[in-house]
Amino acid sequence: MEQKDLQELASQLSHPKGEKGIEIADMMNATNIGMTRHAIASLELSGNEMVLELGHGNAGHVKYLLELYPAIHYDGLELSELMHAEAKKINRSFIESQQAAFHRYDGGKLPFPDNYFDAIFTVNTIYFWSDPLAVLAELYRVLKAEGKLCITFAQESFMKQLPFTAYGFELYNTDKLEKLLAGSAFKIRKIQSQTEQVRSKTGELMDREYTTVTLAK
């Protein structure tokens, strides 16, 4: 791929838009489903929580979550207008049954009151946080006491093999994330890593190591 193609792919991964964005979002949902399910499992839900996901993409995985835990209420939050619209379209039945709601925001203050959610998860979004400590502070604010936050990300050793990550991605390994988290109010409860085989956005079959860090308020 040429540089301009890599830059376009990087832009679409951080903020999908247009027809190409829909295609990229479908691919992201399929490629990231193992990581998403790992994040959900790490929340250890009991089944009646208020759950927030930050950066849900097209939210094709919400059906899996709500079939697993039909008594929870899911709120999804997105920067991308396209992904917000796609998520609402794909999950219309869950919106109508009031099991799910989808919201847009500008990347700053989260549109929720203090101490609102029992559990929060986010998958493959941390690379795009322009002010990570501010994001963490907002997630801490909207989380209830004893609530959990799960951050799932692909390790830097894998991500740096992908040429498009040179454009607008902040890559993390576990040590770097732990140092970042030390500047937040969260307490680290658990760190779990796994390796899976995936096809990269540019077509190659690769081993991806990813990690879920479980935090508590």
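The values are calculated or read from the model by the stated rules, or taken from the named source; none is laboratory data. Because the structure is predicted, anything quoted here is derived from the model rather than measured. Ideal geometry is used to build each Cβ from the backbone, glycine not excepted, and the neighbour counts take in all protein chains shown.
Some observations on this one:
- Of the residues making up segment 192-205, those that are of a type outside the set (S, T, Y) and either within 13 Å of G34 (Cα to Cα) or exposed (fewer than 13 other Cβ atoms within 10 Å of the Cβ) (or both) are Q194, E196, Q197, V198, R199, G203, E204, L205.
- Note on segment 31-41: among residues that are small (G, A, S) and in contact (Cβ under 8 Å) with a residue 12 or more places away in the chain, the one that is surrounded by the most Cβ atoms within 10 Å (Cβ to Cβ) is A39.
- Scoring E8 on the criteria (1) at pLDDT 85 or above; (2) loosely packed, with under 15 Cβ neighbours inside 10 Å; (3) among the acidic types (D, E) leaves a single failure, condition (2).
- Checking N29 against (1) touching a His at 6+ places or on another chain (Cβ under 7 Å); (2) under 20 Å from V135 (Cβ atoms); (3) at pLDDT below 85, the condition it does not meet: (2)
- Residue within segment 204-211 that is within 17 Å of the chain's Cα centre (by Cα), of a type in the set (F, W, Y) and assigned to a strand (DSSP E or B) present: yes
- From the options S193, S184, residue that is touching a residue at least 24 places away in the same chain (Cβ under 8 Å), outside any helix (DSSP H, G or I) and more than 26 Å from L110 (Cβ to Cβ): S193
Residue-by-condition table, conditions (1) touching a helix residue (DSSP H, G or I) at 6+ places or on another chain (Cβ under 9 Å); (2) under 16 Å from E81 (Cβ atoms); (3) touching a residue at least 24 places away in the same chain (Cβ under 8 Å):
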| site | (1), (2), (3) |
| --- | --- |
| L9 | yes, no, yes |
| P16 | yes, yes, yes |
| M28 | yes, no, yes |
| L43 | no, no, yes |
| N48 | no, no, yes |
| G60 | yes, no, yes |
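- Within segment 131-147, the presence of a residue that is basic (K, R) and without any contact (Cβ under 8 Å) to a residue 24 or more places away in the chain is excluded.
- Subset of segment 160-181 (residues that are under 30 Å from L143 (Cα atoms), free of Cβ contacts under 8 Å to residues at least 12 places away in the same chain and among the basic types (K, R)): K179
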